[in-house]
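The values are calculated or read from the model by the stated rules, or taken from the named source; none is laboratory data. Quantities reported herein were computed from a predicted structural model and do not represent experimental measurements. In this analysis, Cβ positions are derived from the backbone assuming ideal geometry, glycine residues included, and neighbour counts consider all displayed protein chains.
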Amino acid sequence: MALSAGPGLFFCFAALVLLVFATVSAPIWESISFLNTNIGGREIHFGVFGYTGSARHLGYPINQLNTRNGLFNSTVIHNLTYVLVLHPIAAGFAFIAVIFGFCGAASHRVGTIIMSVAAALATIITLVVWVIDMVLFGITRNKLRDQGYPAQYGNANWLVLGAFIALLLGTCTSFFGIFGSYRTKRANRY
């Protein structure tokens, strides 16, 4: 067993779990959300595939919430909700990294090399999607607050940030793990 692939495998697995949790956010799992608000006495949680009470689909219209003055007149915000598909894509690359991390841990250097490449791609995608999350839900939060509605970031933003940090560590440790010892120890035969 090649122990040099172990730390990268651990960090990539942790990031995979965090990204899967963020992906199944509201309306699928109401406890995990990117933005929480209360409109007309109704608690609304925003997630990757919609918000509380909406249909589950990619690209949802935030501007259809029943607010006082309407929320947005911009199609840019609506189109940004389509980009949230990067959450499951990043989770997919983290899954690939974990699968090849097991190959690397089973004493094959190629598995660790592919794990480091997949982890690097997942890291880049996760950084991009985290920035988009903060921009999209930051603008939405400010618009809601301007209209007098309470709004605060949810826990999914921090799950994605944690996944980014774990992937960054996983990329670095798997890259350095490439140079570890992968020789199989053979028993001395006499």
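State all residues of region 40-57 that are in a loop (DSSP other than H, G, I, E, B) and either crowded, with 22+ Cβ neighbours inside 10 Å or small (Gly, Ala, Ser) (or both); if no residue qualifies, say none.
The answer is Gly40, Gly41, Gly47, Val48, Phe49, Gly50, Gly53, Ser54, Ala55.
All of (1) more than 17 Å from the chain's Cα centre (by Cα); (2) at pLDDT 95 or above hold for Val98 with one exception: (1).
Residues in region 106-162 that are closer than 17 Å to Leu16 by Cα and either assigned to a loop (DSSP other than H, G, I, E, B) or of a type in the set (Gly, Ala, Ser) (or both): 8 in all. Only a single item in (1) over 16 Å from Ala14 (Cβ atoms); (2) touching a helix residue (DSSP H, G or I) at 6+ places or on another chain (Cβ under 9 Å); (3) surrounded by fewer than 24 Cβ atoms within 10 Å (Cβ to Cβ); (4) modelled with pLDDT under 95 is not met by Ala105, and it is number (1).
Residues in region 69-119 that are farther than 25 Å from Gly138 by Cβ, touching a Gly at 6+ places or on another chain (Cβ under 7 Å) and among the β-branched types (Val, Ile, Thr): Thr112 only.
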